[in-house]
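Note sheet for the following structure.
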Amino acid sequence: MKKIRCALIGSGNIGTDLIYKIQRSPVLEPVWMVGIDPASEGLARAREMGLKTTADGVDGLLPHVLADNIQIAFDATSAYVHAENSRKLNELGVMMIDLTPAAIGPLCVPPVNLRQHADQLSSGRSQDSSAPSGGSERSERGGLGSQMNVNMISCAGQATIPIVSAVSSIQSVAYAEIVASLASKSVGPGTRANLDEFTYTTSGAIEKVGGARKGKALAIINPAEPPMIMRNTISCLTDDAPDQARITASILQMIKEVQKYVPGYRLVNGPIYEANKVQVFMEVAGLGDYLPKYAGNLDIMTAAATRTAEMFAEEILAGRITLRAVEPA
Amino acid sequence: MDLKGKKVILHDMCLRDGMHAKREQISIDQMVKVATALDEAGVPYVQVTHGAGLGGNSLQHGFAPHSNEDYISTVAARMKQAKVSVLLIPGLGTMRELQSAYDCGARSVHVATHCTEADTSPQHIAFARKLGMDTTGFLMMAHLNDPAGVAQQGKLMESYGAQTVYVTDSAGYMLPGDVIARIQALRDVLRPETEIGFHGHHNLGMGIANSIAAIEAGATRIDGSVGGLGAGAGNTPLEVFAAVCERMGIDTGVDLFKLMDMAEEIIVPMMEHVVRVDRESLTLGFAGVYSTFLLHSKRAAERFGVPARDILVELGRKKMIGGQEDMIMDTAMTMARERGLLQHVAA
């Protein structure tokens, strides 16, 4: 079967783990790995795994995009360089999956709104809202340009927004709060130095994608040895008394959806109800591809990004989407 | 050691750490009453925020009746000499909230991280300095890192711009030797002009002794709270500490009798429970658990029928740290299930 050819930008932990996941995909093929340090371990490993590599950043990839028929790129660098990377590749008709907190494109949580993104891209309509229900209006850049770039929010967002959405799809949620506990070893220097961006992006996405009127995200980094598996606690305040049976059923259904691409996504305790508060206690164990199993936070990002790219790839292969170069602004 | 003539800067925590002991329910009137009494007694720094600091209002940490902005601006406007300080824990509070606290009159900040995670604070420390605030890097649960590790983390905070680095005994677990080793290690690596502080909890009754040990090792700033109003068995009781300092000739610049009156007449009547070393707060100190977990564990114990001490010991075993209050309920539920007290929802 024909596969869509992909480039990975950023040769760190995330980029390397992505190689494993994309290599397993029936519709994606990893072809290029882009780094900035010729001596980097990540680039060496990518070469061993059969990828072409460049240490000249995205500019080193651009001359090969058309010849190698690269159609999807994953950016796992930083929010600061993402916009430039995205612009250069979009101009060559490459669709961008953004794993940084830059969030210049619409926010994507696969089981919540991936279908909607794909439908919008195939029909060429401009996007006016990615909130499935009740959420505040997004003021996204409209048109194909923004849809040639989708953002994966944050690990905490991927791990918790499906649950918020499962509640808000049953009844309106005034406030949703998530607490993500991450193993110290699984949090890289970029996230550490820019924790506020993580907080802002995730809080906003709880509202825009999760459908809560107000969202708040808390992150805790725990250095315990052996490293703790990623934990997430999701709390929602419903406007009216919660319909416990329907909300519990909706949450359990959503967990099954996420388990399709993250098998280690597991309910530990709850849902538990107290007045209008619904609380769910989750754990995310990774697949242990390149990253250790405790780093479920990184695994859920790479798995969600791969799932997202697969959906677009299926649409491209079926002829329902044609990627077009984005005109320079 | 002769500490005669040493100058020490006191920092009162009643209106921040004390918020924990009051389930975050301190009124604006009470804040003003406490802060003005501290101001009149000559305490140079008064911390005023939600117990978990800026951004603390949450289901995780409880909602105070007023915003941090309302508390800070009301108190700051009444201070004659004392500076108002705030707590900011990255991952919970943000620079937007720090800016807003500054606009309301806060002039000092404890930027707090777990004792191994200092590198989550560079943005916030640098921003506090840019605002011209008296900026402290606050290494929490410091018993969970060895002296060399604490020193290295403190050095990072200094490199981001912190003017003071604190050893923070959040669990009230340390003994004087633990305090001295960490503060000496910091003194060895920090620049001479960088100050060192100590923040104690009284869970093993060591608040005063640890603070004196800290001064012997080179600390010049000490946190405490009048009447010991704080999480767990409370902070180092400030009036007691001031009395000990006076006996030892350490210069704190505060009026001891005013603090004593304040403890008796203002703080003790405010308490919802007697803040003291009881079975559960002693468990915190003994097991090395974050002091704020105390009341959360008591609530979870009541709800799920598992004794609070059992929950606290298990949290200590699982190495849970400050900010993981959600794991108290989670742990209580798991223990209740194992004991046949709770059914699991089939997933």
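The values are calculated or read from the model by the stated rules, or taken from the named source; none is laboratory data. Quick caveat, the model's predicted, so the values are computed rather than measured. Note that each Cβ is placed from the backbone with ideal geometry, even for glycine, and that neighbours are counted across all protein chains shown.
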Would you mention how many residues in segment B:90-103 are more than 9 Å from chain A (Cβ to nearest Cβ) and part of a loop (DSSP other than H, G, I, E, B)? 0
Any residue at all in segment B:28-47 that is in a loop (DSSP other than H, G, I, E, B) and among the hydroxyl-bearing types (Ser, Thr, Tyr)? no
Would you say residue B:85 is in a strand (DSSP E or B), of a type in the set (S, T, N, Q) and either out of contact with any Leu (no Cβ under 6 Å at 6 or more places or on another chain) or closer than 17 Å to residue B:16 by Cα (or both)? yes
Return the residues of segment B:10-45 that are within 19 Å of residue B:112 (Cα to Cα) and of a type in the set (A, V, I, L, M); say none if nothing qualifies. B:10, B:13, B:15, B:19
If you check every pair at least six apart or on different chains, which have Cβ atoms under 9 Å apart with a residue in segment B:104-118 that is closer than 14 Å to residue B:89 by Cα and more than 14 Å from every other protein chain (Cβ to nearest Cβ) first and a residue that is of a type in the set (Lys, Arg) and buried (at least 24 other Cβ atoms within 10 Å of the Cβ) second? B:110/B:16
Can you give me the number of residues within segment A:31-84 that are assigned to a helix (DSSP H, G or I) and touching a residue at least 60 places away in the same chain (Cβ under 8 Å)? 1
Of all residues in segment B:259-300, which are more than 19 Å from the chain's Cα centre (by Cα) and either at pLDDT below 90 or of a type in the set (Gly, Ala, Ser) (or both)? B:300
Scanning segment A:242-282 residue by residue, those within 9 Å of chain B (Cβ to nearest Cβ), part of a strand (DSSP E or B) and either farther than 22 Å from residue A:21 by Cα or hydroxyl-bearing (Ser, Thr, Tyr) (or both) turn out to be A:267, A:268, A:269, A:270, A:271, A:272, A:274, A:277, A:279, A:281
Every residue from segment B:119-148 that is within 10 Å of chain A (Cβ to nearest Cβ) and either aromatic (Phe, Trp, Tyr) or part of a helix (DSSP H, G or I) (or both): B:119, B:120, B:122, B:123, B:124, B:127, B:144
Flag if residue B:80 is surrounded by fewer than 18 Cβ atoms within 10 Å (Cβ to Cβ) and within 17 Å of residue B:164 (Cα to Cα): no
Members of segment A:93-148 found to be at pLDDT 50 or above and surrounded by fewer than 18 Cβ atoms within 10 Å (Cβ to Cβ), listed by number: A:93, A:115, A:116, A:119, A:122, A:123, A:124
What number of residues within segment A:199-217 are facing chain B (nearest Cβ under 8 Å) and at pLDDT below 95? 2
Filtered residues of segment A:218-241 (kept if part of a strand (DSSP E or B), hydrophobic (A, V, I, L, M, F, W, C) and more than 8 Å from chain B (Cβ to nearest Cβ)): A:230, A:234, A:236
May I ask you to list pairs of residues, at least six apart or on different chains, whose Cβ atoms are under 9 Å apart, with the first in segment A:223-241 being surrounded by fewer than 22 Cβ atoms within 10 Å (Cβ to Cβ) and the second being of a type in the set (Asp, Glu) and at pLDDT 95 or above? A:223/B:117; A:237/A:177
